[in-house]
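Have a look at the structure below before the remarks.
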Amino acid sequence: MKVVCVGGGPAGLYFAISAKLRSKNHNVTVVERNPAGVTYGWGVVFWDDLLDELYRNDPVSARQIRDSSVTWGGQEVHVHGEHTAYLGGYGYSLDRQRLLDVLVERAKGLDIDVQFERAVQDVSDFANADLVVACDGINSLMRQLHSDHLETDIEIGRNKYIWLGTQRIFDSFTFAFEETAAGWIWFHAYRFDAHTSTLIVECPPETWVGLGFNSLESDQAVKLLEKIFERHLGNHSLINESRGGIGKARWLNFKRVNNNNWYYNNVALMGDAAHTTHFTIGSGTTLAMGDAIALAEKLEEHKNLTMTLAGYQNNRRAALLAMQREALNSAKWFEDVPHHINQNITQFSYSLWKRRGHSPLWRYPLHLATQITILRNLRRSLGMAKRGLRGHQREKLLQSGHR
């Protein structure tokens, strides 16, 4: 089968890899409009569930991804820089560009044709392809060309946000809320390598306008943000230059993308082109790579392309339902921060934790225990043991052989 992936992000590259692993006879091409080494954004975050799935699908690239990642332990919630509460858990993060480098290297090693600096104007560019996978992002041109058939729906979020970097290392996933004369503003931050952290600033539109961000140049906005978050950043600055020198970071409103149909003729949507989940639950990369595996599996399962694409759509829609619901709940919670933040720090941080919409009865006592240093350290130690056990199980998969 001749397959073309439009978009060289995690979705397109990982689908190309997954399809080729299942059939060496597939002729797979990935086309990317940007030069090699250029990407938007900073670090990506994920959890054990994605690593487990990657090791099952392709242990070779999975191990490289794990070896390139850093681990953050626990979550911290700061209000006014004076009050701190703690949440448990751990996760992984890595430089988005490093992730892409791993996937490009793996793809080329499987004889996949990866073409950079190739802009696509129309699906007719690939008239000879049996399957075209549209994984060209949230503003997908391929999706726009067929939006009537795909029945695309896009909702614009209320809050403003900007995706920045900093050399201030946040070893825990950190939420910091500051009140200004214009209202509340906050950031989400986590490290993704030894020297750099992702830092996403978010605020209501009233705060954004009140602080003058609607009229400030990018560098001026960053200087103001450094002043607002000075006690959290210390002597470190914020970085607003996109990776690869392709421009400054911009303030955005989140776009919630849904499509009633995920395919039309031989064109299938994948990743952010098909669906988006709010950045406050950090699942974009996980879902994109899950899409990639699912389509590759259906391609192997069915010889008929229509059955393949229908099966892929049904599989991923079902898998996404719970996550999309949680993402919507999370987005709404952050749009209502001024209402929640009047609680004491312990109650506020628990409200933040349960924003996704699930809260078993045992969770609040655990939350209270986590505020006690000795119990928090114990919980962290148990998390480390759990992480080590799952890592050992994954390595056994690698040692037992791979595709």
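Quick notes on this structure:
- Taking a ≥ b ≥ c as the square roots of the eigenvalues of the Cα gyration tensor, the range 96-159 is classed as oblate, since a/c reaches at least 1.5 and a/b does not exceed b/c.
- Charge dipole (debye, nearest 20) of the chain; +1 at Cβ of Lys and Arg, -1 at Cβ of Asp and Glu: 1100 debye
- Given charges at Cβ of Lys, Arg, Asp, Glu: the range 2-349 dipole, positive-most of Asn159, Ala294, Thr71: Ala294
- Alpha-carbon centroid distance for the pair the range 102-164 / the range 223-286, whole angstrom: 16 Å
- Dimensions (Å) - the chain, Cα atoms, principal axes, largest first: 61, 51, 37
- The lysines within cross-link reach of Lys386, meaning a Cα-to-Cα straight distance under 22 Å and a gap of 8 or more places when in the same chain, are Lys396.
- Tail weight of P(r) past 12 Å, computed on alpha-carbon pairs of the range 288-345, percent: 72 percent
- Options His188, Trp262, Leu320, ranked by Cα towards positive dipole end of the range 2-349, top entry (Cβ charges): Trp262
- Straight-distance crosslink candidates among lysines, where the alpha carbon sits under 18 Å from Lys24 and sequence neighbours closer than 8 are dropped: Lys2, Lys108, Lys298, Lys303
- Between Glu105 and Met307, the FRET efficiency estimated from the beta carbon spacing at R0 = 25 angstrom works out to 0.15.
- Alpha carbon convex hull of the range 308-377, volume per residue in cubic angstrom: 114 Å³
- Only DSSP H runs of four or more residues enter the estimate; each adds -39500 (n - 2.57), and after division by the residues of the chain the mean residue ellipticity at 222 nm equals -13500 deg cm²/dmol.
- Quarter of the Cα convex hull surface for the range 12-94, i.e. its orientation-mean projected area (nm²): 7.9 nm²
- Three-way shape call for the range 184-244 based on the alpha-carbon gyration tensor, with the a/c threshold at 1.5: prolate
- Based on Cα contacts under 8 Å between residues 6+ apart, the chain shows a relative contact order of 22 percent.
- DSSP beta bridges in the range 2-349 [antiparallel fraction, %, rounded to 5]: 70 percent
- Note on Lys248: lysines with a C-alpha under 30 Å away, same-chain residues under 8 apart excluded, are Lys160, Lys223, Lys227, Lys332.
- Two-decimal Rg to Rh for the range 1-141 - Kirkwood Rh, Cα set: 1.07
- Degrees separating the helix 284-301 axis from the principal Cα axis of the chain, which is the longest one: 20 degrees
- Whole-number D in µm² s⁻¹ for the range 90-238, Kirkwood Cα-pair radius fed into Stokes-Einstein, 20 °C, 1.002 mPa s: 113 µm²/s
- Top of Ile185, Ile156, Ile228 by mean-square fluctuation, Gaussian network on the chain, Cα under 10 Å: Ile156
- Take the Cβ atoms of His340 and Asp219, set R0 to 30 Å, and the FRET efficiency comes out at 0.40.
Rule-based calculations on the coordinates, nothing more; no lab input. Quick caveat: nothing in here was measured; it's all calculated off a predicted structure. Here the Cβ is made from the backbone with ideal geometry for all residues, glycine too, and neighbour counts use every protein chain on show.
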